[in-house]
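Q: Structure incoming, see below.
The values are calculated or read from the model by the stated rules, or taken from the named source; none is laboratory data. Note that the structure is predicted; figures quoted are calculated from it, not measured. We place every Cβ from the backbone using ideal geometry, glycine too, and count neighbours over all the protein chains shown.
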Amino acid sequence: MAEELAPEVKASLEQFAARTAVDRPTAHHERTWGLLLERSRRPRRARWFALGAIAAVTAALLIAVRVPAEPVRASTGARWQQHDDVVQLSLGQLRLQPRDHVRVVTPHLEVDLYNARALVDVTDGQTVLAAEEGEIVYRTARGEWHLKAGERVVISGAPDAVSVAAPVKIATCGDGDAACLSRVAQGSGLAAEMALYKLGVAARERGSLDEAVRLLREYRARFPVGTFAPEASVALMLTLQSAGEPVAAAAEADDFVTRFPREPRVSKVRAWRTQLLEVVP
Amino acid sequence: MDASVDTVQAVSNRTEALGEVRELYLLHANGIAATLKRLTWPGCDVDDLLQEVFIVALRRPQAVLFAQSPKAWLFGVATRVASGARRKRRIRNLFGLGSVQSPMDARLESADVIQHALTKLSTRKRDVLVLFELQGLTGPEIAQAVGCPLKTVWTRLHHARKELEAEVRRHG
């Protein structure tokens, strides 16, 4: 056990003990017992209050740190310009998520977006409009139309003779569902792009190199400025190399550097092309 | 039938437990109130803290009644309640919400060297010193109350005494 305290400290401590002693009669405690029982039966509000406060602070933080999405995102090679809330798109693809309002003008239609998310894809001779969220209004030479979330429309032909396709649900296929992917690939817009690219990659992975080259070349022909155009080009050059066509692969690499000079993979493609030609006899 | 017997048994047990906690309250209320007074600051609402201690006991009657020493269990809760009160006070003071000390409080603090010296000790040492020197709990009881081995109690007490003496000499 520990040693004793010094006598003067012990005296001070005893004085302090006497000063702080509580000597209430039992009757007092009997009276306060009822109050104590009543208090112990009250719900523990403090705990709920604390949980509520934590939930509120967490929600506020989540709202505060949520980064707003970019209002207009263009695909590589898209030709477009914006003046205030009007976007002119002549070729390529735009993904739009305006915070307020934006009007998109293409050779075939005009779209007004209010708190909606949409994809507009202009190729030679047609515009594909897909509503991803909210409801959008578009105008063609034939009148004004509405498009709901999950629907898309293809408007083709000259501005004075547009043909409006019936709204079609945007298709979603599993990666291994070749039949679904082939069906979607025959359409247009992002879904078709994605399906065609997936078919090309799948063919390459299972060793059908000729089919992969055909599909990837088809992608390039149909969607020269598509969302997956750089990926399709890289897949094509690798497939050509695997198929024993290094010269064609090198040509595709040159084409990649010319078409996508700002692509982050340009330096890798250049290095790959140099190595490729070194081994060619 | 079995269910109603169980219910009656449960009510009877609860009533019995309430009676036993009440006995503990009448027996130890003064001692626990004094300990709370010594572990907090002058002017602290000790009655409120005393109720908090026994609310814990009322919500967990089995814990207190089946404890090795119900007295040590209650004093253990008291040290934690006092620690919580000091923490709340520090937070309130940090945000400028603490009550302004009256001149009487200030005079009492400066006059009472022991009170001042106790505030200079760490929470663990102060709890052990107060329970041993002022409350008269035994070493094993303190070990149970503060949840540490007996040897740790003696070590803390040794250092607490040394630091208290040094502090008292500095201000005495």
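Q: Give all pairs with beta carbons closer than 7 Å in which a residue from the range A:4-19 that is facing chain B (nearest Cβ under 7 Å) and among the small types (Gly, Ala, Ser) meets a residue that is surrounded by 14 or more Cβ atoms within 10 Å (Cβ to Cβ) and in a helix (DSSP H, G or I); count only pairs at least 6 apart in sequence or on separate chains.
A: A:ALA6/B:GLU165; A:SER12/B:VAL113; A:SER12/B:ILE114; A:SER12/B:VAL168; A:ALA17/B:LEU134
Q: Please tell me if A:LEU216 is at pLDDT 90 or above, more than 25 Å from the chain's Cα centre (by Cα) and surrounded by 15 or more Cβ atoms within 10 Å (Cβ to Cβ).
A: No.
Q: For the range B:37-52, enumerate the residues that are within 11 Å of B:VAL77 (Cβ to Cβ) and facing another protein chain (nearest Cβ under 10 Å).
A: B:LEU50, B:GLU52
Q: Take the residues of the range A:93-106 that are in a strand (DSSP E or B) and of a type in the set (Lys, Arg): which is farthest from A:THR258 (Cα to Cα)?
A: A:ARG103
Q: State yes or no: is A:ASP175 surrounded by fewer than 16 Cβ atoms within 10 Å (Cβ to Cβ) and either modelled with pLDDT under 75 or at positive phi (or both)?
A: yes
Q: Right, another one. Within the range B:59-78, is even one residue among the aromatic types (Phe, Trp, Tyr), under 16 Å from B:GLN144 (Cα atoms) and under 18 Å from the mean Cα position of the chain (by Cα)?
A: yes
Q: Let me ask something additional. If I filter the range B:62-71 for residues that are closer than 16 Å to A:LEU36 by Cβ and in contact (Cβ under 8 Å) with a residue 40 or more places away in the chain, do I get at least one hit?
A: The answer is yes, given that some residue of the range B:62-71 is closer than 16 Å to A:LEU36 by Cβ and in contact (Cβ under 8 Å) with a residue 40 or more places away in the chain.
Q: Filter the range A:45-72 for residues that are of a type in the set (Gly, Ala, Ser) and either at pLDDT 80 or above or closer than 30 Å to A:ARG95 by Cβ (or both) and give the result.
A: A:ALA50, A:GLY52, A:ALA53, A:ALA55, A:ALA56, A:ALA59, A:ALA60, A:ALA64, A:ALA69
Q: Also, I was wondering about something else. Identify the single condition in (1) of a type in the set (D, E, K, R); (2) more than 21 Å from B:ALA29 (Cα to Cα); (3) at the interface with another protein chain (Cβ under 10 Å from one of its Cβ atoms) that A:ARG47 does not satisfy, given that it satisfies every other one.
A: Condition (3) is where A:ARG47 drops out.
Q: Ok, one more. Could you grab me the full set of residues in the range B:49-75 that are aliphatic (A, V, I, L, M) and not in a helix (DSSP H, G or I)?
A: B:ALA67
Q: Consider only pairs whose beta carbons are under 7 Å apart and that are at least six residues apart or on different chains; among these, list those whose first residue lies in the range A:103-119 and is of a type in the set (D, E, K, R) and whose second residue is at pLDDT below 85 and part of a loop (DSSP other than H, G, I, E, B).
A: Taking only residues 6 or more apart or on different chains, the pairs are A:ARG103/A:ASP85; A:ARG117/A:GLN97; A:ARG117/A:GLY134.
Q: Now, a different point. For A:LEU129, indicate whether it is at pLDDT 85 or above, under 18 Å from the mean Cα position of the chain (by Cα), not in a helix (DSSP H, G or I) and not basic (Lys, Arg).
A: When the stated conditions are applied, A:LEU129 does not pass them.
Q: Let me ask something additional. Tell me the residue from A:LEU199, A:LEU209, A:LEU240 that is of a type in the set (A, V, I, L, M) and touching a Leu at 6+ places or on another chain (Cβ under 7 Å), please.
A: Testing whether each residue is of a type in the set (A, V, I, L, M) and touching a Leu at 6+ places or on another chain (Cβ under 7 Å) leaves just A:LEU199.
Q: Within the range A:74-92, is even one residue surrounded by 11 or more Cβ atoms within 10 Å (Cβ to Cβ), more than 25 Å from A:PHE260 (Cα to Cα) and more than 14 Å from chain B (Cβ to nearest Cβ)?
A: There is at least one residue in the range A:74-92 that is surrounded by 11 or more Cβ atoms within 10 Å (Cβ to Cβ), more than 25 Å from A:PHE260 (Cα to Cα) and more than 14 Å from chain B (Cβ to nearest Cβ).
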